[in-house]
1. For the structure I just gave you, tell me whether Val242 is open to solvent by less than 60 Å² (accessible area, probe 1.4 Å), free of Cβ contacts under 8 Å to residues at least 24 places away in the same chain and under 13 Å from Leu353 (Cβ atoms).
2. Somewhere in the stretch 26-37, is a residue more than 19 Å from Ser326 (Cβ to Cβ), in contact (Cβ under 8 Å) with a residue 60 or more places away in the chain and not β-branched (Val, Ile, Thr)?
3. Could you list, in sequence order, the residues of the stretch 197-222 that are in contact with a helix residue (DSSP H, G or I) (Cβ under 8 Å, 6 or more places away or on another chain), assigned to a helix (DSSP H, G or I) and among the aliphatic types (A, V, I, L, M)?
4. Hey, can you tell me all the residues within the stretch 260-308 that are modelled with pLDDT of 95 or more and among the basic types (Lys, Arg)?
5. Would you check which residues across the stretch 48-107 are within 21 Å of the chain's Cα centre (by Cα), among the polar types (S, T, N, Q) and surrounded by fewer than 23 Cβ atoms within 10 Å (Cβ to Cβ) and list them?
6. Which pairs turn up if I take residues in the stretch 289-314 that are at positive phi and look for partners that are open to solvent by 70 Å² or more (accessible area, probe 1.4 Å) and β-branched (Val, Ile, Thr) with beta carbon separation below 8 Å, at least 6 apart in sequence or on another chain?
7. When the residues of the stretch 1-41 are filtered to those that are among the β-branched types (Val, Ile, Thr) and crowded, with 17+ Cβ neighbours inside 10 Å, which remaining residue is farthest from Tyr125 (Cα to Cα)?
8. Pick from Met122, Met100: which is assigned to a loop (DSSP other than H, G, I, E, B) and touching a Phe, Trp or Tyr at 6+ places or on another chain (Cβ under 8 Å)?
Amino acid sequence: MSPLRVGVIGLGEVAQVIHLPLLESLPELYELAAVCDLSPTLLDVVGRRYGVERRYDDFQKLARDQTLDCVLVLNNDEYHCDAVTAALGQSLHVLVEKPMCLSPREAERIVAARDASGCVVMVGYMRRFAPAFTAAKEQLTKLGRVNYVRVHDVIGRNQLLIDQTAHVLRPHDLPAAALADRHERGRRLVREALGDVPDVLGGTYRLLCGLGSHDLSAMRELLGRPRGVAAARQWRDGQFVVALFEYDDHLAVYETGVDEQLRFDAHIEVYGETTSMRIQYDTPYVRHLPTVLMFEESNGDAYTRSVVRPHLKDPYTHELEAFHASVTAGVPVRTTPEDFVQDLELFTEIIRLAHHTQKGAERC
């Protein structure tokens, strides 16, 4: 079987550190055939580095490249919807990095375009493809009754870790008008999603759409969708968030934030009656740092701790393999646009409760 001819839209940090090297390492599955970015510098440097002749400064132009089979949408969140629908309009399959989009209206556009094209759309929730996460799903029923769940994601800025391990080209040749359009588009889409809320809550929403989408997506696949959000607070200008989710017979706490520490602490911990299970993630920007599965168990007088490392293959590779299988063999997509919409709904509910709590505090 011939490899899929792929175009990459957006040549920034995640493309340079993760996707482009991975595509190069999977020649039996993918051929990097075209690249797209607003930066002439990135187009030139990346194009030469990977030997790609077809280089575009507009994703609409790339989508019309009739030699392509699929695209990876890795550009700024504000333009994900337009890039995805442009590709689907040309019958190209799409893997789009999270967040798929920023508003429910955009999600509806993507679903409609996918259905009209008959193409595959997969959302890039790579943590759900980690072997340790898959193993946790298989082991969950052995815990018995779930008493409590903790979803934790407090990390240092990505760049702090990336600058120690990789060289990323961050050009300064983007047009001023494009930067202004991105800022205004982002504000408009957040307002469309949330209505009239303070700017700080708009920043909280963007944090949830970015970092939080990994956490809540994995929580939903592991435990099911919660019945609702019982409480939510934000602080530090929206860059730290805590939320409490209601399940039928237990609660799950979610805590997230970004600081200046050189560490990455992201995990989901499920507490049973005699056994707890923890999925521990490390930074995805250093390849092959394994996601591990930890158990703590009491059995009679004994208390044991164990760590399982199912595989060293990184989640992004598993994700690209799954996308290829969906496109070429019709394997059902796990991380669908409809699946992503459930996260948008949870984000909106978190913001609504945080706004209500903030207004109540102001009145006191």
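The values are calculated or read from the model by the stated rules, or taken from the named source; none is laboratory data. Predicted model, so just to flag it, every value in this text is computed and none were measured. Reconstructed Cβ throughout: ideal geometry from the backbone, glycine too, with neighbour counts over all protein chains shown. These area figures cover heavy atoms from the full protein model, side chains too; ligands, DNA and RNA do not enter into them. Shrake-Rupley method; radii C 1.70, N 1.55, O 1.52, S 1.80 Å.
1. yes
2. No: the stretch 26-37 contains no residue that is more than 19 Å from Ser326 (Cβ to Cβ), in contact (Cβ under 8 Å) with a residue 60 or more places away in the chain and not β-branched (Val, Ile, Thr).
3. Leu201, Leu208, Leu216, Ala218, Leu222
4. Result: Arg278, Arg305.
5. Asn76, Thr85, Ser103, listed by residue number.
6. That search, which allows pairs on different chains as well, returns nothing.
7. Val35
8. Details: Met122 fails: assigned to a loop (DSSP other than H, G, I, E, B).
Matching residue, one of Met122, Met100: Met100.
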